[in-house]
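Since the structure comes first, as structure tokens, the remarks are kept for the end.
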Amino acid sequence: MKKILMVLLFLALFAGCATVGHDFDTSQVPKIQIGKTTQEDLRSMFGSPWRVGVEDGNQTWTYGKYKYRLFGESSTQDLVVRFDDNGVVTSFTYNTTEHQE
């Protein structure tokens, strides 16, 4: 009976935490320059994007790491970068829950 309770406790704790995405170097975010930074530059700074997509017909890349917890604080970081047809940054958004007000 003790073994069953231990297994159930372990499963409950394990199920209470999930991480999605990949780590990326957030210190590089201020170096992104609209109209200058290219997709090649971003690969050098952050590696391959976690997700790619399209917004208003233009390619987007997302770098993100999301830690969800059943107990305690969850934390998220994401960087969404939008490109023109030449692969140059037109805009970007960086958001995090790891901040101090």
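Roughly speaking, what % of Cα-Cα pairs in region 26-90 are separated by over 20 Å, rounded to a whole number? Considering region 26-90, 31 percent of its Cα-Cα pairs are separated by more than 20 Å. Rounded to the nearest whole Hz, the Karplus-based 3J(HN,Hα) values (6.51 cos²θ - 1.76 cosθ + 1.60, θ = phi - 60°) of region 25-36 follow the sequence 7, 5, 5, 7, 4, x, 7, 6, 10, 4, x, 10, with x at glycine and proline. Amide H contacts under 5 Å for T37: V89, restricted to partners 5 or more places along the chain or on a different chain, H placed in the peptide plane at 1.01 Å from N. Residues whose amide H lies under 5 Å from that of W50, counting only those 5 or more places away or on a different chain, are T62, Y63, G64; hydrogens are built 1.01 Å from N in the peptide plane.
A short reminder: the numbers here are calculations on the coordinates, not readings from a lab. Since the model is a prediction, treat every value here as computed from it, not as a measurement.
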